[in-house]
Amino acid sequence: MSDFAESLTPQDCLVAVMIAVSASDENLRTSELVTIERIVNHLPVFTGYEQDRIARVAELVFDLFSDEDGLDDLFALIRGHLPARLSETAYALACDIAAADGTLGEVELRLLEEIRWELDISRLHAAAIERGARARHLTVGTPEVP
């Protein structure tokens, strides 16, 4: 593991989760990247966060994804550097990135499920978070879903 990986901040972990969701389908969409930037620029949890760290976190995530056990290693880093009280925040941000482009693919859904499990998010809390992300990313033309 690199020195950078071992010195991750909680904010780095949140960024890593967002980048992982965006990269999960091997297609980094502009809408997802813009959403990550908007989130980092506006949410209080990122107050004082150095923007230049985003590129280093992205590089770390991409390096981990190139390894066979990379996802497991990513979750180990996140669990080791993200306070448990920010687990639901991480899941909420992951859901926002997944919903940012208006579609949820099978790979993104499986990663969200893995994030829920790895961060010990209850199914009830996850459903509420998912519903909130859906509501935030609706468009006027979005079909009605129960």
### Task
Name the residue, out of 21, 45, 61, that is over 24 Å from residue 107 (Cα atoms), in contact with a helix residue (DSSP H, G or I) (Cβ under 9 Å, 6 or more places away or on another chain), of a type outside the set (S, T, N, Q) and open to solvent by less than 70 Å² (accessible area, probe 1.4 Å).
45
#### Entry: the stretch 12-32 - residue that is at pLDDT below 90 and within 9 Å of residue 100 (Cβ to Cβ) and, of those, nearest to the chain's Cα centre (by Cα)
32
### Query
Within the stretch 128-146, can you find the residues that are within 14 Å of residue 99 (Cα to Cα), among the hydrophobic types (A, V, I, L, M, F, W, C) and either modelled with pLDDT of 75 or more or within 16 Å of the chain's Cα centre (by Cα) (or both)?
129, 133, 135
### Residue among 88, 32 that alone is crowded, with 19+ Cβ neighbours inside 10 Å, among the charged types (D, E, K, R) and not in a loop (DSSP other than H, G, I, E, B)
32
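The values are calculated or read from the model by the stated rules, or taken from the named source; none is laboratory data. All values derive from a computational prediction rather than experimental measurement. Cβ atoms come from the backbone with ideal geometry, glycine included; neighbour counts cover every protein chain shown. SASA here: full protein model, heavy atoms, side chains in, ligands and nucleic acids out. Shrake-Rupley method; radii C 1.70, N 1.55, O 1.52, S 1.80 Å.
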